[in-house]
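One structure is given here, and the rest of the page talks about it.
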Amino acid sequence: MNYNDIETTEQDKNVLSTFKKFLGLEHFGWKFGAIMALISMIMFVIVSIIFIAIGAASTGSDSFTDPPGQMFIAMGITYLVSGLIVLLPVTIINFAMIKKVEYYQSTVDRDVSIARTRCTSVGMLVFCVIFNTLAAIFFIINFAKTKNNAASFDRIAAAQRGAI
């Protein structure tokens, strides 16, 4: 083994460790986003229930002609709908993505091509940008590094398959 082979191996190890690091940071981004979306959704639902209760209490039992009471009821319904229609799917998607990223993290040492395919997907990039900007930042960095180090990933994948 000559000097170039040792240097290439070290470079491949550095590329792989950087890849793993940014997958881990993306995992953190999905987890942070999921927790924040869950907290936001719970707060929206609690505030909506409070607004609806205040509105119902201020309007009286026999008429809904009290404008402030109607306003509180309308705000409560708006918050409830926003919390359930917008934040609930975002929360579910973020929690699902935590598991998916964990799967890709687990495959890196056995078959880097699985995670590499995901990290070079433009569709996944768009998905990350839509549903979690923090995770998208780390995905974009990994996307660029994966594209720039294609030769290293080819060597790593070949070594994992036993071709070298």
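The values are calculated or read from the model by the stated rules, or taken from the named source; none is laboratory data. This structure is a prediction, so every number in the text was calculated from the model and none was measured. No Cβ is skipped: glycine too gets one built from the backbone with ideal geometry, and neighbour counts run over all protein chains shown. With ligands, DNA and RNA removed, areas are computed over all heavy atoms of the protein, side chains included. Shrake-Rupley method; radii C 1.70, N 1.55, O 1.52, S 1.80 Å.
Mind listing the Cα extents of segment 29-100 along all three principal axes, in Å, largest one first?
In descending order, the Cα extents are 53, 14, 14 Å.
Please compute the Kirkwood hydrodynamic radius of segment 19-146 from all pairs of different C-alpha atoms, in Å with one decimal. Don't skip to the end; give the middle numbers.
Working: mean 1/r = 0.0601 Å⁻¹.
About 16.6 Å for segment 19-146.
Tell me the carbon and sulfur percent of the accessible area for the chain, rounded to whole percent, probe radius 1.4 Å. Please list the in-between numbers first.
Details: 6550 of 9480 Å².
With neighbouring chains kept in place, the figure for the chain is 69 percent.
Ser106 to Ile46: FRET efficiency via 1/(1 + (r/R0)^6), r the Cβ-Cβ distance, R0 35 Å, to the nearest 0.05? Kindly include the intermediate steps, with their values, before the conclusion.
Working: r = 37 Å, r/R0 = 1.06.
For R0 = 35 Å, the calculated efficiency reads 0.40.
Label Ile85 and Gln11 with points 7 Å out from Cα along Cα→Cβ: what is the distance between them in nm?
5.4
For Lys31, what charge total do you get from the other residues with a beta carbon under 11 Å from its beta carbon, if Lys and Arg give +1 and Asp and Glu give -1?
Neighbourhood net charge equals -1.
Return the single residue from Ala136, Ala34, Ala56 with maximal mean-square fluctuation; model: Gaussian network over the chain, springs between Cα atoms under 10 Å.
Result: Ala56 has the largest fluctuation of those listed.
Averaged per residue, what accessible area in Å² does segment 6-164 show with a 1.4 Å probe, protein chains only?
On the way: 8890 Å² over 159 residues.
Accessible area per residue: 56 Å².
In percent, how large is the relative contact order of the chain, given Cα pairs closer than 8 Å and 6 or more residues apart? Walk me through the numbers on the way to the answer.
Working: 171 pairs, mean separation 52.7, N = 164.
Over the chain, the number comes to 32 percent.
Give me the accessible area of Arg110, 1.4 Å probe, in Å² rounded to the nearest 10.
Rounded to the nearest 10, that gives 150 Å².
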